[in-house]
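First comes the structure, then the notes that go with it.
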Amino acid sequence: MMEYEYSAFRREADVHNRCCGGWVWCIKDICGVICAILTWLLILYAEFVVMMVMLLPSPYPVYSTINIFIFQTFAFLAFASHLRAMFTDPGAVPKGNATKEMIQQMGFREGQVIFKCPKCCSIKPERAHHCSVCQRCIRKMDHHCPWVNNCVGENNQKYFVLFTFYIAVISIHALFLSVNQFIMCIRHEWKECSTYSPPATVVLLLFLVFEALLFAIFTAVMLGTQLQAIWNDETGIEQLKKEEARWVKNSRWKSIQAVFGRFSLAWFSPFTRPPSKSKLENYLYSV
């Protein structure tokens, strides 16, 4: 199959789960959209409390400037990672490509075993699973995450890992700032520790502490499970179903490189793409 020239294949663009004229991947799931918007609102709330209650009114300009730079940098990276995870095709297999003509065109040998998904009528590559929300088969599908309103798969796992990492970082930072703010307010007997009244300041800080603690634990656990899955070259679904590995497992280092690429600062950037597959393989099994 891999001997066929890329230019020999022609097929119509698949616009399922896409918007803006087919340019942007977008899952039209109301629950996922609500969860994604809620995620943005919680980030904005943390921004408001950190900036307006703690850092901008602070009488210590050096402390304030350093922490504003740190928090804003990681908050921006978290938001960018969320958008990339949400609007990146996770590795969807074309719908309805399991036709006799397409199978012949792809160059499968007579008698060769081909796995076909009965739900989306697609030829399932190895390690692909069908997502009932996306209504597609996703290559190396780990799970469907409502918080990013998308599946986590071959093409966007890097962005999801970065999202969990940066949310954990800003959550821990917000906890540190909140504790410091409480200590400062108590020392000054709640005088000039905030532009808001003491009761309002306490409520705002307590809700931020609750939010930060909850998301620090949640994202840290998610980050750990994702890194463990990548390290072992197994997806979350494969671990859950305890599927026997029929594929040749990569070494641990190669498994990490398959998601993040060669080690560099680009590992931590949501603006660099994961390593691309071969041109022909992308053509056959991607949108």
What number of residues in the range 200-231 are among the polar types (S, T, N, Q) and either touching a strand residue (DSSP E or B) at 6+ places or on another chain (Cβ under 7 Å) or within 12 Å of Val49 (Cβ to Cβ) (or both)? 1
Which pairs do you get when a residue that is without any contact (Cβ under 8 Å) to a residue 60 or more places away in the chain, found in the range 138-149, comes within reach of a residue that is surrounded by fewer than 22 Cβ atoms within 10 Å (Cβ to Cβ) and of a type in the set (A, V, I, L, M), reach meaning Cβ atoms under 8 angstrom, with the pair 6+ apart or on two chains? His144/Val133
Which of the residues that make up the range 132-165 are closer than 28 Å to Thr65 by Cα and open to solvent by 10 Å² or more (accessible area, probe 1.4 Å)? Phe163, Phe165
Kindly evaluate Gln257 against the criterion of being surrounded by 14 or more Cβ atoms within 10 Å (Cβ to Cβ), at pLDDT below 95 and not in a loop (DSSP other than H, G, I, E, B). yes
Please identify the pairs in which a residue from the range 260-285 that is modelled with pLDDT under 90 and surrounded by fewer than 17 Cβ atoms within 10 Å (Cβ to Cβ) has its Cβ atom under 6 Å from the Cβ atom of a residue that is assigned to a loop (DSSP other than H, G, I, E, B) and of a type in the set (Gly, Ala, Ser), counting only partners at least 6 apart or on another chain. Pro275/Gly261
Kindly provide the set of residues from the range 73-93 that are open to solvent by 10 Å² or more (accessible area, probe 1.4 Å) and under 27 Å from Glu126 (Cα atoms), ordered by number. Arg84, Met86, Phe87, Thr88, Asp89
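Listed here are the residues, each with its yes/no results for (1) aliphatic (A, V, I, L, M); (2) loosely packed, with under 15 Cβ neighbours inside 10 Å; (3) in contact (Cβ under 8 Å) with a residue 60 or more places away in the chain.
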{"position": "Trp190", "(1), (2), (3)": "no, no, no"}
{"position": "Pro198", "(1), (2), (3)": "no, yes, no"}
{"position": "Gly236", "(1), (2), (3)": "no, no, yes"}
{"position": "Lys242", "(1), (2), (3)": "no, yes, no"}
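Please go through the range 29-59 and give me each residue that is in a loop (DSSP other than H, G, I, E, B) and either at pLDDT 95 or above or surrounded by 12 or more Cβ atoms within 10 Å (Cβ to Cβ) (or both), ordered by number.
Here is the first cut: in the range 29-59, the residues in a loop (DSSP other than H, G, I, E, B) are 29, 56-59.
Across the range 29-59, the qualifying residues are Asp29, Pro57, Ser58.
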Does at least one position in the range 244-253 carry a residue that is within 30 Å of Val15 (Cα to Cα) and either in a helix (DSSP H, G or I) or modelled with pLDDT of 90 or more (or both)? no
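The values are calculated or read from the model by the stated rules, or taken from the named source; none is laboratory data. Just so we're clear, the structure is a prediction, and the values are computed from it rather than from any experiment. Counting neighbours? That spans all protein chains shown, and the Cβs are built from the backbone with ideal geometry, glycine included. Surface accessibility is based on the protein's heavy atoms, side chains included, excluding ligands, DNA and RNA. Shrake-Rupley method; radii C 1.70, N 1.55, O 1.52, S 1.80 Å.
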